[in-house]
Amino acid sequence: QVQASDCDSPNITKLEYSIVTGNYESIYAMSGDSGVISLKNKSRGIHKSPHRLKVAVSDGPHTAFAFVNIKWEWSSQSTLKFQQDVYEAAIVENSTKTVTVVVVSVVGAELNEHVVFSLLNPSPLFHVGPTSGAIQTTGLRFDREHQDHFQLIVQGRSETTGAEVRVAQTLVNISVLDINDNCPLFVGLPYYGTVPVDAAKGDVITKVHAIDLDSGENGEVRYELMR
């Protein structure tokens, strides 16, 4: 995973990640929201390792670039797997409660095998129980207008003494559900209009424009002439 920050207000900018060059034969995929790089097509990846990807992050007007070096290595086939390749969950924005969002679990673990769960891309907003696999919020507030989606990479690792180390990984996609917590804002204030002396009924004098950062019906804007 690659991460970037922007000093502008999150209400103004939203970062979008992408792979620019180096992704021959589309071996890799990159999440535009989270910056997570995942394997898409492994058929020829090992034969051309290492790979050097040029990645970009953009807020619209501005773009920054970085390089990611990826090396492939042979490893023994692990029989430890998560029950799902991808988990889906949701949380409500502005919540500061510590709640369990989803529980991940592995199959193929042997009797008395000690499996430890961890986040490969740690976030201050989430915590995973090392033995339970329960992904919980930490009590920090979620702001959907700042970030409406999180993608966590969870690893399960066998740490039984004297046994071969086995690992498994899965993705957890967490959506932040919107609540109506933003007021509409007029854009381009102040407004002026000019009325020609020969104006007819229904002629357009000027146009106002407002935005609401909420989504769906919560973000719909209705106009009304007050006086």
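Listed by first and then second residue, the pairs with beta-carbon distance under 7 Å, at least 6 apart or on different chains, first residue in the stretch 31-45 and closer than 21 Å to PRO122 by Cβ, second at pLDDT below 85, are SER34/GLN1; GLY35/GLN1; GLY35/VAL2; GLY35/GLN3; VAL36/GLN1; ILE37/GLN1. Being touching a His at 6+ places or on another chain (Cβ under 8 Å) and either more than 30 Å from LYS14 (Cα to Cα) or charged (D, E, K, R) (or both), is that true of even one residue in the stretch 135-158? Yes, the stretch 135-158 contains a residue that is touching a His at 6+ places or on another chain (Cβ under 8 Å) and either more than 30 Å from LYS14 (Cα to Cα) or charged (D, E, K, R) (or both). Pairs meeting the criteria (first residue in the stretch 16-28 and touching a residue at least 24 places away in the same chain (Cβ under 8 Å) and on the phi > 0 side of the Ramachandran plot, second residue of a type outside the set (D, E, K, R) and surrounded by 13 or more Cβ atoms within 10 Å (Cβ to Cβ), beta carbons under 8 Å, at least 6 apart or on different chains) are GLY22/HIS51; GLY22/LEU53. One residue stands out in the stretch 204-220 among those that are at pLDDT 85 or above and assigned to a loop (DSSP other than H, G, I, E, B): the one that is nearest to THR137 (Cα to Cα), namely HIS209. Of the strands (runs of 3 or more DSSP E) lying entirely inside the stretch 27-97, those carrying at least 1 residues that are in contact with a helix residue (DSSP H, G or I) (Cβ under 9 Å, 6 or more places away or on another chain) and either modelled with pLDDT of 85 or more or within 21 Å of SER5 (Cα to Cα) (or both) are 51-58.
Just checking, does the stretch 190-203 include any residue being in a strand (DSSP E or B) and either at pLDDT below 90 or surrounded by 10 or more Cβ atoms within 10 Å (Cβ to Cβ) (or both)? So far as the stretch 190-203 goes, no, none of its residues is in a strand (DSSP E or B) and either at pLDDT below 90 or surrounded by 10 or more Cβ atoms within 10 Å (Cβ to Cβ) (or both).
The values are calculated or read from the model by the stated rules, or taken from the named source; none is laboratory data. Note that the structure is predicted; figures quoted are calculated from it, not measured. Using ideal geometry, Cβ is built from the backbone for each residue, glycine included, and neighbour counts are taken over all protein chains shown.
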